[in-house]
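> Could you have a look at this structure, given as structure tokens, before my questions?
The values are calculated or read from the model by the stated rules, or taken from the named source; none is laboratory data. If you're wondering where the values come from, they're calculated on a predicted model, not measured in any experiment. Every residue, glycine as well, gets a Cβ built from its backbone with ideal geometry; the counts of neighbours run over all protein chains shown. Keep in mind that these areas ignore ligands, DNA and RNA; they rest on the heavy atoms of the full protein, side chains included. Shrake-Rupley method; radii C 1.70, N 1.55, O 1.52, S 1.80 Å.
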Amino acid sequence: MEASAGLVAGSHNRNELVVIRRESGGGGGGAAAGRAEAPCQICGDNVGVGFDGEPFVACNECAFPVCRACYEYERREGSQACPQCRTRYKRLKGCPRVAGDEEEDGVDDLEGEFGLQDGARREDDPQYVAESMLRAQMSYGRGGDAHPGFNPVPNVPLLTNGQMVDDIPPEQHALVPSYMGGGGGKRIHPLPLADPVQPRSMDPSKDLAAYGYGSVAWKERMEGWKQKQERLQQLRSEGGGDWDGDDADLPLMDEARQPLSRKIPIPSSRINPYRMIIIIRLVVLGFFFHYRVMHPVNDAFALWLISVICEIWFAMSWILDQFPKWLPIERETYLDRLSLRFDKEGRPSQLAPVDFFVSTVDPSKEPPLVTANTVLSILAVDYPVDKVSCYVSDDGAAMLTFEALSETSEFAKKWVPFCKKFNVEPRAPEWYFQQKIDYLKDKVAASFVRERRAMKREYEEFKVRINALVAKAQKVPEEGWTMQDGSPWPGNNVRDHPGMIQVFLGQSGGRDVEGNELPRLVYVSREKRPGYNHHKKAGAMNALVRVSAVLSNASYLLNLDCDHYVNNSKAIKEAMCFMMDPLVGKKVCYVQFPQRFDGIDRHDRYANRNVVFFDINMKGLDGIQGPIYVGTGCVFRRQALYGYDAPKTKKPPSRTCNCWPKWCLCCCCSNRNKKKTTKLKPEKKKRLFFKKAENPSPAYALGEIEEGVPGAENETAGIVNQQKLEKKFGQSSVFVTSTLLENGGTLKSASPASLLKEAIHVISCGYEDKTDWGKEIGWIYGSITEDILTGFKMHCHGWRSIYCIPKRPAFKGSAPLNLSDRLHQVLRWALGSVEIFFSKHCPLWYGYGGGLKFLERFSYINSIVYPWTSIPLLAYCTLPAICLLTGKFITPELSNVASIWFMALFICIFVTGILEMRWSGVAIDDWWRNEQFWVIGGVSAHLFAVFQGLLKVLAGIDTSFTVTSKAGDDEEFSELYTFKWTTLLIAPTTLLLLNFIGVVAGISNAINNGYESWGPLFGKLFFAFWVIVHLYPFLKGLVGRQNRTPTIVIVWSILLASIFSLLWVRIDPFLAKNDGPLLEECGLDCN
């Protein structure tokens, strides 16, 4: 794809396509000069090159020119020494091992050591394996030449069920043709070619000693290998679809064939007490509710009834939240094994390509500098550059974003080579230069300090240019924006503009300052027209899916918000350890990384880090079917986004009892088959036939219908199937073809111009009409929290997800600091859950009979039910104030047995939290902040989300809440103290005032009534203080710093002042005291 093609804008419906050229000076890299090769002094052929691209050198002492074939033959059959200096040959990379190499060979070359490499074909090619087996059987023991470029030895004789049988090279087998072992089937030996080549006879002194036939050690080795194979088959058959190959006793023969990741279960000493206390808490809850229901409070029946209903709801909510955490696990990846298997040095990388998606809308709310840092961190990831493509979606069609991205592409030519040269972390320049650490640690290059200073100066100049663009964009010209060539900017009308695509960097242009290639960088702004529903972020992500499928079609996708940068350059390789693992990866739809944040205050007052969710709940889900999708920092399998079912695991054959006679079994089987065939009617057959073509796998979709159709019906069946695919994916033959490629890749015959034209077509506003986009394919529509729906649909198709927590956080982003912005963020999430609750995709009734597991459904139900907890929570937080004001309580006077259940319940609650923190490693302050904000968000944002969702779903009224800023300063965390009034603050403020008044009234009432009333007062005060303590962060954010006076001083001042004033009134110090006798009425009528 040409990086200098210019901005392509157009509309498929209007048959318009415009190419706007831009001025750019990209540097090109020259081809390396060819090197002359000396002739081999033995056979006369060229010496050739080695695996590193340098001329092949057989002898490191005298460099006597010998080709690789003669070198291998001399080591195998000759004197194993150089003909000129007589120095013994050492084993080079890619060559088989011979006797005597063990002591001197330090080369880490697994495939070459065992003769497994084959440059022509891949080892996992079934056709090649079959041909190898056939060729080995036909030519075994013969003297004829093999076909050129064909080596029948590498795979079949040494591999059984994917495992190495022995570590003896094929040249040392007891009986082997002498032509085997030569490279590419070329014979190099002193015998004339016309003479028949006889098989080499067995040398007892050499072969038996090496092979060990008949020895005790050989028998023990074979027995151990057979036992491991049997255990492997047993684990596969018993584990079924959930077997992930994580058992430590599996036959792991070498480093390259070991799994790329493993599960680490929580130690039983930590998790078993946690499970026991959960069961105990369930039992205690049963006895607690038995007492509460059987002992109503007659004089406060309404308060008692409300409290019991609220407590039952809280118990059900706790069950939905607790049991998905029953099987928590952790995972560990092995990047060295991934490199050894797919990314060997000196060879073309076999890592899968990845398309990055970055979405942005409004540059005034999402600063271009933040988006630029995200893009720069993506372009500098530690991954092969030809495997990385970055697509930036500008859903606001802002010229500011376009110009900022153009500046970013120029700065990337300097930033990317600097990052890769010195291996710096993180690779977002804003955050790298802000680090308050010793940046010289582990840096040994003498030029690092000089180049770092120069790069920092370059970045500051880059920031000045971006800030200049932002300042210029504040005032929009009356005629709209124009580009450098004088043409008007196509996106001047945000709601009515054509689709736009600009390839800034690509494989054919845009090299860095050192002449190396850079990853592809593409700007995308989808077409928007009045009267169309564009589905906000979900629609933008689906447009990126289609554009990327046309231009690069990587088999994996990674989406990031514009404010989430790559903090760990090896994060993609971490995900590939799961996606490309042959045992685990086939059923993985996405790998979710936890969200980590920068710029949050040390105390995390409003639980912005959300540590409890990411470090407790998500680990629990990973032990069931995988974590839910949280909207960013997630690597997807493209085929899973296309709505296909997860691959089915073949079940082992069912066992039959040997006690039944064979004729009985035959009759039973035949009757069962007859019943099955009679039930399938013609209409049913036809329906199931087309359903198979839609769901299982892309390879099945096109070939299965055409197969078995004789004659001219093949063409008709192909047309019908093509029409079904276009109805599902849209009217784009290029895109439909790309969906059938399970391993990705683009059409080689298509020109860049035709691909750009097709890319404009797939982002047109009417492309998704009458298709399955947003219903079964891509990001699912129907809620502003499209992430929950998208992950839920994949799990219903039988896929599983993986939760990956690298030691260094993979991605980092920004979070709202002040109270009002945080509440509005929570409001948006809760509103999306309410929308899902009223949709057809509600987990309460959708997806039964699919691949969704029971406990996984629990977590999805909890994710859409939690906003409704705000109603009982608000009522429960109001009860303490009412009880203090009225003098009544929600429980009768407790007996000894009842007090035991109450105390046991409170103890179980505390112990559950302590044990949860123990196995998860979450700090107590993070756990406590999460508990506090659960109450704060529940009585404010969640409550408003419920009412707003009801108005939107039932009445069609879409309400919004405005936020007005009042104050702020330029100090660190100044936004934390910024007060923004919003209607979300009304409910929690009222609760605080009610409980404060209730505490004052309760204490004054106890003072008036004497010491007997203090006993019942303690229960009510504990209840009220529970509410006040949970709302304390809200109160602190509401009051602010107030000239830096601590909030706790203000609160306790008001409380103590009220109590002492009431005491003062009770004592009545200003009334005159009478020291005379006490006069009382005698009760007699003197008259």
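> Would a scan of the range 503-523 turn up a residue that is within 16 Å of Ser11 (Cβ to Cβ) and either surrounded by 19 or more Cβ atoms within 10 Å (Cβ to Cβ) or among the aromatic types (Phe, Trp, Tyr) (or both)? Please lay out each step first, then the result.
Residues of the range 503-523 within 16 Å of Ser11 (Cβ to Cβ): none.
No - not one qualifying residue is present in the range 503-523.
> Here is a list: Ala904, Ala881. Which entry is open to solvent by less than 10 Å² (accessible area, probe 1.4 Å), more than 30 Å from Phe838 (Cα to Cα) and among the aliphatic types (A, V, I, L, M)? Even if it seems obvious, please write down each step before you answer.
On the way: Ala904 fails: open to solvent by less than 10 Å² (accessible area, probe 1.4 Å).
Just one listed residue meets the conditions, Ala881.
> Still on this structure, please answer the following. When Tyr781 is evaluated against the numbered criteria (1) open to solvent by 40 Å² or more (accessible area, probe 1.4 Å); (2) over 30 Å from Asp601 (Cα atoms); (3) in contact with a strand residue (DSSP E or B) (Cβ under 9 Å, 6 or more places away or on another chain); (4) not aliphatic (A, V, I, L, M), which criterion, by number, is the only one it fails?
(1)
> Which is among the basic types (Lys, Arg), part of a helix (DSSP H, G or I) and touching a residue at least 24 places away in the same chain (Cβ under 8 Å), of Arg337, Arg347, Arg331? Don't jump to the end; show me each part of the working.
On the way: Arg347 fails: part of a helix (DSSP H, G or I); Arg331 fails: part of a helix (DSSP H, G or I).
Checking each option against the conditions leaves just Arg337.
> Taking Leu521 as the residue in question, decide whether it is under 16 Å from Ala397 (Cα atoms) and of a type outside the set (Lys, Arg). Let's see the steps before the verdict.
Details: under 16 Å from Ala397 (Cα atoms): no; of a type outside the set (Lys, Arg): yes.
No; evaluated as a whole, the condition is false for this residue.
> Shifting gears a bit: So in the range 877-895, with the set limited to residues that are among the hydrophobic types (A, V, I, L, M, F, W, C) and in a loop (DSSP other than H, G, I, E, B), which one is nearest to Ile306 (Cα to Cα)?
Initially, the range 877-895 is screened for residues among the hydrophobic types (A, V, I, L, M, F, W, C), giving 877, 879, 881-885, 889-890, 894.
Imposing the further condition that a residue be in a loop (DSSP other than H, G, I, E, B) reduces the set to 889-890, 894.
Values: Phe889: 12, Ile890: 9, Leu894: 19 Å.
Here the residue is Ile890.
> I've got another one for you. I'm checking my understanding of the structure. Among residues of the range 485-502 that are touching a helix residue (DSSP H, G or I) at 6+ places or on another chain (Cβ under 7 Å) and part of a loop (DSSP other than H, G, I, E, B), which one is surrounded by the fewest Cβ atoms within 10 Å (Cβ to Cβ)?
Among them, the one singled out is Trp489.
Results for (1) in contact with a helix residue (DSSP H, G or I) (Cβ under 8 Å, 6 or more places away or on another chain); (2) among the hydroxyl-bearing types (Ser, Thr, Tyr); (3) surrounded by fewer than 22 Cβ atoms within 10 Å (Cβ to Cβ), shown as yes or no for each residue.
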site: Ala540; (1), (2), (3): no, no, no
site: Ser548; (1), (2), (3): no, yes, no
site: Ser555; (1), (2), (3): yes, yes, yes
site: Val566; (1), (2), (3): yes, no, no
site: Gly585; (1), (2), (3): yes, no, yes
site: Cys589; (1), (2), (3): yes, no, no
site: Gly620; (1), (2), (3): yes, no, no
site: Ile624; (1), (2), (3): yes, no, no
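> Let me ask something additional. How many of the residues making up the range 295-313 are modelled with pLDDT under 90 and more than 17 Å from Pro880 (Cα to Cα)?
Here the count works out to 3.
> Of everything in the range 415-469, what is in a helix (DSSP H, G or I), of a type outside the set (S, T, N, Q) and open to solvent by 60 Å² or more (accessible area, probe 1.4 Å)? Give them in sequence order. It would help to see each step written out before you state the result.
Within the range 415-469, the subset in a helix (DSSP H, G or I) is 415-422, 429-433, 448-469.
Checking the rest, the ones that are also of a type outside the set (S, T, N, Q) come to 415-422, 429-433, 448-466, 468-469.
Passing the criteria: Lys420, Lys421, Trp431, Arg450, Arg453, Lys456, Arg457, Glu460, Glu461, Val464, Arg465.
> Pairs, please: C-beta under 6 Å, at least 6 apart or cross-chain, first residue farther than 18 Å from Lys387 by Cα and in the range 556-571, second open to solvent by 20 Å² or more (accessible area, probe 1.4 Å) and aliphatic (A, V, I, L, M)?
As it stands, the answer is Asp563/Val370, since those pairs meet every condition given.
> Pull out all pairs, ordered by first then second residue, where Cβ-Cβ is under 6 Å, the residues are six or more apart or on different chains, the first lies in the range 625-639 and is touching a residue at least 24 places away in the same chain (Cβ under 8 Å), and the second is surrounded by fewer than 24 Cβ atoms within 10 Å (Cβ to Cβ) and of a type in the set (Gly, Ala, Ser).
Between residues of the range 625-639 that are touching a residue at least 24 places away in the same chain (Cβ under 8 Å) and residues that are surrounded by fewer than 24 Cβ atoms within 10 Å (Cβ to Cβ) and of a type in the set (Gly, Ala, Ser), the close pairs are Arg638/Ser555.
> Looking for whichever is among the charged types (D, E, K, R) and more than 15 Å from Arg546 (Cα to Cα) here; the options are Lys775, Lys757. Which one fits? Outline the logic, then answer.
Numbers: Lys757 fails: more than 15 Å from Arg546 (Cα to Cα).
None of the others qualify; the one that does is Lys775.
> Another question about this same structure. What are the residue pairs meeting all of these: first residue in the range 837-860, first residue touching a residue at least 40 places away in the same chain (Cβ under 8 Å), second residue in a helix (DSSP H, G or I) and open to solvent by 50 Å² or more (accessible area, probe 1.4 Å), Cβ atoms under 7 Å, and 6 or more apart or on different chains?
Listed by first residue and then by second, the contacts come to Phe838/Val953.
> Confirm whether Ser870 is under 38 Å from the mean Cα position of the chain (by Cα), open to solvent by 10 Å² or more (accessible area, probe 1.4 Å) and modelled with pLDDT of 90 or more.
Details: under 38 Å from the mean Cα position of the chain (by Cα): yes; open to solvent by 10 Å² or more (accessible area, probe 1.4 Å): no; modelled with pLDDT of 90 or more: yes.
No: the conditions fail for Ser870.
> For the range 45-77, enumerate the residues that are outside any loop (DSSP other than H, G, I, E, B) and either on the phi > 0 side of the Ramachandran plot or not small (Gly, Ala, Ser) (or both).
Initial filter on the range 45-77 (outside any loop (DSSP other than H, G, I, E, B)): 46, 49, 55, 68-77.
Those that are outside any loop (DSSP other than H, G, I, E, B) and either on the phi > 0 side of the Ramachandran plot or not small (Gly, Ala, Ser) (or both): Asn46, Val49, Pro55, Arg68, Cys70, Tyr71, Glu72, Tyr73, Glu74, Arg75, Arg76, Glu77.
> Given the conditions (1) assigned to a helix (DSSP H, G or I); (2) under 30 Å from Ala428 (Cα atoms); (3) open to solvent by 40 Å² or more (accessible area, probe 1.4 Å), which single one is not true for Arg822?
It is condition (3) that Arg822 fails.
> Can you give me the number of residues within the range 470-484 that are in a loop (DSSP other than H, G, I, E, B) and at negative phi? Break it down stepwise before answering.
Here is the first cut: in the range 470-484, the residues in a loop (DSSP other than H, G, I, E, B) are 473-481, 483-484.
Next, from what is left, pick out any that are at negative phi: 473-479, 481, 483-484.
Here the count works out to 10.
> Would you mind stating whether Gln117 is open to solvent by 50 Å² or more (accessible area, probe 1.4 Å), modelled with pLDDT of 55 or more and in a loop (DSSP other than H, G, I, E, B)?
Here the answer is no, as Gln117 does not meet what is asked.
> Which count do you get for residues in the range 266-285 that are open to solvent by 40 Å² or more (accessible area, probe 1.4 Å) and either more than 41 Å from the chain's Cα centre (by Cα) or not hydrophobic (A, V, I, L, M, F, W, C) (or both)? Even if it seems obvious, please write down each step before you answer.
From the range 266-285, those open to solvent by 40 Å² or more (accessible area, probe 1.4 Å) are 267-270, 272-273, 275-276, 279-280, 282-283; that's our starting set.
Next cut, either more than 41 Å from the chain's Cα centre (by Cα) or not hydrophobic (A, V, I, L, M, F, W, C) (or both) only: 267-270, 272-273, 275.
Residues meeting the conditions: 7.
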